[in-house]
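Worksheet: the structure to be examined is printed underneath.
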Amino acid sequence: MTTNVEFHFDFGSPNAYLAHLLVQELTQKKAVNFDYVPVLLGGIFKTTGNTSPFLANQKIKNKFAYMQAELRRFLTRYQLADKFKLNPHFPVNTLMIMRGAIAAQSLGEQVFEKYVNTMFDGMWRQGLKMDDAQVLIEVLSAADLPADEIMTLCQSDEIKQKLAANTQYSVDKGSFGAPSFYIGDELFFGKETVAEIAERLS
């Protein structure tokens, strides 16, 4: 029996990217389907009164250094060091690329999957300025994704409303950040909980 897990994500979250890499590996080992739900992390933060831990913890003595150490341990533990680097443009406004995720989703599963991989790669492997429209178009084109169609769809009211609805749905379900996973109504928050989800599926 296949277990369905919702994965609420925003490309602007490095932890969502790292969780995405673990999710891809997990789906090859377990009878699980991850339903990717694009959300706007800034909208979730605003609604819940939260803020980016990378920004908030820079002001707390010793905590940011610990976060960096924890990240290095995580990358080493899961052998991901060669697949991740901090984006020099962080924080990046992800409104456009998250609308793009909704647009890609409307074009079919294969387009959506390729779009997700391409955007995460651009953000957290290549370190590109993904809130620059020209950069986005170039990245989409290089990946043989329908750049013009996606960019046009991003401007439609339907796509804008769907992203807003997803974001509100995520908050209503219990999210306060990303990555957020749900098995039914049970929340698993953070990249570390992918291992906990794997244990649950055993």
Percentage relative contact order, the chain, counting C-alpha pairs under 8 Å, at least six apart: 35 percent
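Suppose we look only past 15 Å in the calculated P(r) of region 41-84. What percent of the Cα-Cα pairs does that tail hold? Display every interim value, and only then the final one.
Working: 538 of 946 pairs.
Of all Cα-Cα pairs in region 41-84, 57 percent lie more than 15 Å apart.
Compute, for region 64-192, the length of the dipole vector about the Cα centre, with Cβ point charges of +1 (Lys, Arg) and -1 (Asp, Glu) only. Units Debye, rounded to 20. Mind showing how you got there, number by number?
Values: 13 positive and 17 negative charges, 118 e Å.
My answer is approximately 560 debye.
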Cα-based Lys pair tally, region 110-202, threshold under 24 Å, eight or more apart or on separate chains: 9
Prolate/oblate/rounded label for region 69-167 (Cα gyration tensor, a/c 1.5): prolate
Neighbour net charge for T76 - beta-carbon separation under 15 angstrom, K R +1, D E -1: +3
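Given the convex hull of the Cα atoms of the chain, what is a quarter of its surface area in nm²?
Working: hull surface 45.7 nm².
That works out to 11.4 nm², a quarter of the Cα hull's surface.
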Residue among L163, I97, A198 farthest towards the positive dipole end of region 3-201, charges placed on Cβ: A198
Dipole axis of the chain (+1 Lys, Arg; -1 Asp, Glu on Cβ), positive-most option in G12, Q79, T48: Q79
Per-selection Rg to Rh, region 31-116 - Cα, Kirkwood hydrodynamic radius: 1.03
Student exercise, region 1-123 dipole from Lys, Arg, Asp, Glu Cβ charges, in Debye to nearest 20: 600 debye
Mean shadow area of region 121-202, taken as a quarter of the surface of its Cα convex hull (nm²): 7.5 nm²
Under 5 Å, built H, 5+ apart or other chain: amide partners of V37: F7, H8, F9
Top of Y66, Y169, Y115 by mean-square fluctuation, Gaussian network on the chain, Cα under 10 Å: Y66
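Which whole-number percentage describes the relative contact order of region 82-154, with Cα contacts under 8 Å and a sequence gap of 6 or more?
Working: 74 pairs, mean separation 29.3, N = 73.
Contact order relative to length: 40 percent.
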DSSP bridge pairs, region 3-201: antiparallel proportion in percent, nearest 5: 50 percent
Cα centroid separation - region 45-68 against region 92-158, whole Å: 27 Å
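Since every read-out is calculated from the coordinates, none of them should be taken as a lab result. This one's a predicted model, so the numbers in the text were calculated from it and none came from an experiment. Every residue, glycine as well, gets a Cβ built from its backbone with ideal geometry; the counts of neighbours run over all protein chains shown.
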